[in-house]
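The values are calculated or read from the model by the stated rules, or taken from the named source; none is laboratory data. Values in this document were obtained by computation on a predicted structure and should not be read as measured data. Every residue, glycine as well, gets a Cβ built from its backbone with ideal geometry; the counts of neighbours run over all protein chains shown. For accessibility, only protein heavy atoms count, side chains too; no ligands or nucleic acids. Shrake-Rupley method; radii C 1.70, N 1.55, O 1.52, S 1.80 Å.
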Amino acid sequence: MSNNFFSSDLHFFHKNIQSFCPNTRLGITVEEMNEILIERHNSVVRPQDTVYLLGDISFGTAEETKTVVQRLNGKKHLIYGNHDMVIRRDATIQELFDSVQDYKRVKIGKKQVMMSHFPMRSWEMRGHGSYHLYGHMHGKLEAEPYGLSMDVGIDARPGDMLPWEWEEINNILKEREIL
């Protein structure tokens, strides 16, 4: 049986992300942070699991980005972020993903899940209980939850640099009010 995982804003090779997000990024150097991200990801995601990456994967070169994406376990689906230009321009990196798009809708069990890099105030089937998962905000909006939407980025977690598991997300969002 496979599991579903979600993450965003990994920011591999981003030299300043540790100073922007000091409470959630581990490692002294960017290289250490990269290795911790890969190790933490692979500690919970198995090759048969599905992973939705909601953008801003890497600030590295095409070759660096290709190398880290190849090392990540799971069947990977990319929802482009504003810092994914190297991936948008390189078909060989895109081929490492099971799908690449700007927006994605999936059904997990009976729940409709809408995903984008950016947070939305309104999304498809919002009034019918669908979930909206996003990144980009590095946990800064979670102080004021908005209906059934949630930041699934690395920096929205408590500093463990793990991807979000579906059950974690569902347990949080099922307690919130439908808007």
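Values for this structure:
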read-out	value
Amide H contacts under 5 Å for residue 14, placed H, 5+ residues apart	59
Trypsin sites (Lys or Arg not before Pro) restricted to DSSP loop in segment 98-135 with at most 16 other C-beta within 10 Å	110, 121
Percent carbon-and-sulfur accessible area, the chain, ignoring ligands, DNA and RNA, probe 1.4 Å	51
Under-5 Å amide H pairs with residue 132, H placed in peptide plane, nonlocal only	114, 149, 150
Listed peptides 155-164, 42-51 by packing density, highest first (mean Cβ within 10 Å)	155-164, 42-51
Distance from segment 118-137 to segment 1-64 (C-alpha centre basis), Å	23
Read-out Cα Rg over 2.2 N^0.38 Å, derived from the coordinates shown; its label in (1) 1.15; (2) 0.97; (3) 1.24	(2)
Segment 94-143, accessible area per residue, ligands and nucleic acids excluded (1.4 Å, Å²)	55
Antiparallel DSSP beta bridges within the chain, as percent of all bridges there, nearest 5	30
Approximate spin-label separation residue 94-residue 168, in nm, with each point projected 7 Å along Cα-to-Cβ	3.1
Chain lengthening between residue 118 and residue 61 when straightened (0.36 nm per residue, less Cα-Cα)	18.2 nm
